[in-house]
Amino acid sequence: MNLYLRYFDRETLVYSPDEAIEFLATIPEIELNPNLEADIREYAASDVLYPKRYKVRPRVYFIVIKTEAATMLDFKQKKALRNNGGETKKEAAPVITKLKAEKPGWYEGEIDFKRVVFVPATGKHEYRDTHYVARCKAFSGQDCYNRIIDYLQTRVDNRSQFPSAKGKNFKFRYLGLWK
């Protein structure tokens, strides 16, 4: 596992904790001490995959990121991304590709949105989290989303807030071809 380090516009990709410490020693603002060196070595040896940041002074940090990228170019182009299983991804399939894939048939769409409702006790309106599930005929996931939003906009207060189709608050699944 390699390490990517960055402090403002200074950055490097190193292949060992010792090289990382050598890089940090070239930056005068960063005070290296035995605790910091030990922590960097421990981070590099651990199974922890999230980035780590170290405080230099108030609101100023340098970051260390573990990566499987062999070169800086690979790291910048995100060719060594990791999925939850720990395996390297060849290429990430964007959500938009799944949404736009045309497959006519029945879809079930689930959407979580902020609905504006009137509260009689206070005489005011408030936002309420609302979960809505619908089955509809559509040509793609995006078409399913559009049909659900069109339907809801005619039946709820126009101040209600709907999420993006690409976000985590909209899910859909293909149920089968229509007859």
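The values are calculated or read from the model by the stated rules, or taken from the named source; none is laboratory data. Keep in mind that what you see is a predicted model, and the values were worked out from it rather than measured. Positions of Cβ are backbone-derived with ideal geometry, glycine not excepted, and every protein chain shown enters the neighbour counts. In case anyone asks, the SASA skips ligands and DNA or RNA and just uses the protein heavy atoms, side chains included. Shrake-Rupley method; radii C 1.70, N 1.55, O 1.52, S 1.80 Å.
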Output for the range 58-68, where each listed residue is more than 16 Å from PHE23 (Cβ to Cβ) and either outside any strand (DSSP E or B) or open to solvent by 60 Å² or more (accessible area, probe 1.4 Å) (or both): PRO58, ARG59, GLU68
Qualifying residue in the range 50-57 (condition: loosely packed, with under 12 Cβ neighbours inside 10 Å, in a strand (DSSP E or B) and more than 23 Å from the chain's Cα centre (by Cα)): yes
PRO34 being at pLDDT below 95 and over 13 Å from PHE62 (Cβ atoms): yes
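Output the residue which, of all residues in the range 86-112 that are within 16 Å of the chain's Cα centre (by Cα) and surrounded by 12 or more Cβ atoms within 10 Å (Cβ to Cβ), is modelled with the lowest pLDDT. Spell out how you get there, then give the answer.
Here is the first cut: in the range 86-112, the residues within 16 Å of the chain's Cα centre (by Cα) are 89, 91-96.
From what is left, the residues that are surrounded by 12 or more Cβ atoms within 10 Å (Cβ to Cβ) are 89, 95-96.
Values: LYS89: 48, VAL95: 76, ILE96: 79.
Among those that are within 16 Å of the chain's Cα centre (by Cα) and surrounded by 12 or more Cβ atoms within 10 Å (Cβ to Cβ), it is LYS89.
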Filter result (among the small types (Gly, Ala, Ser) and touching a Ser or Thr at 6+ places or on another chain (Cβ under 8 Å)) within the range 161-179: none
Condition met for VAL119 (β-branched (Val, Ile, Thr), farther than 30 Å from TYR132 by Cα and modelled with pLDDT of 90 or more): no
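Being assigned to a loop (DSSP other than H, G, I, E, B), out of contact with any Lys or Arg (no Cβ under 7 Å at 6 or more places or on another chain) and closer than 12 Å to PHE113 by Cα is the filter here; which residues of the range 132-156 pass it? Quick ask: steps written out before the conclusion?
As a first pass, look at the range 132-156 and keep what is assigned to a loop (DSSP other than H, G, I, E, B): 139-140, 154-156.
Adding the requirement that they be out of contact with any Lys or Arg (no Cβ under 7 Å at 6 or more places or on another chain) leaves 139, 154-155.
Answer for the range 132-156, where residues must be assigned to a loop (DSSP other than H, G, I, E, B), out of contact with any Lys or Arg (no Cβ under 7 Å at 6 or more places or on another chain) and closer than 12 Å to PHE113 by Cα: there is none.
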Residues being surrounded by 11 or more Cβ atoms within 10 Å (Cβ to Cβ) and either out of contact with any helix residue (DSSP H, G or I) (no Cβ under 7 Å at 6 or more places or on another chain) or modelled with pLDDT of 95 or more (or both) - total across the range 12-28: 9
Any hit, the range 133-148, residues being free of Cβ contacts under 8 Å to residues at least 60 places away in the same chain, closer than 28 Å to LEU177 by Cβ, exposed (fewer than 15 other Cβ atoms within 10 Å of the Cβ) and in contact with a Leu (Cβ under 8 Å, 6 or more places away or on another chain): yes
Subset tally (residues that are within 23 Å of PHE8 (Cβ to Cβ) and surrounded by 13 or more Cβ atoms within 10 Å (Cβ to Cβ)) for the range 33-44: 6
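Within the range 149-167, which residues are open to solvent by 70 Å² or more (accessible area, probe 1.4 Å) and under 15 Å from THR97 (Cα atoms)? Before you say what the answer is, go through the steps one by one.
Narrowing the range 149-167 to residues open to solvent by 70 Å² or more (accessible area, probe 1.4 Å): 150-151, 153-155, 158-159, 161, 166.
Residue satisfying the conditions is LYS166 alone.
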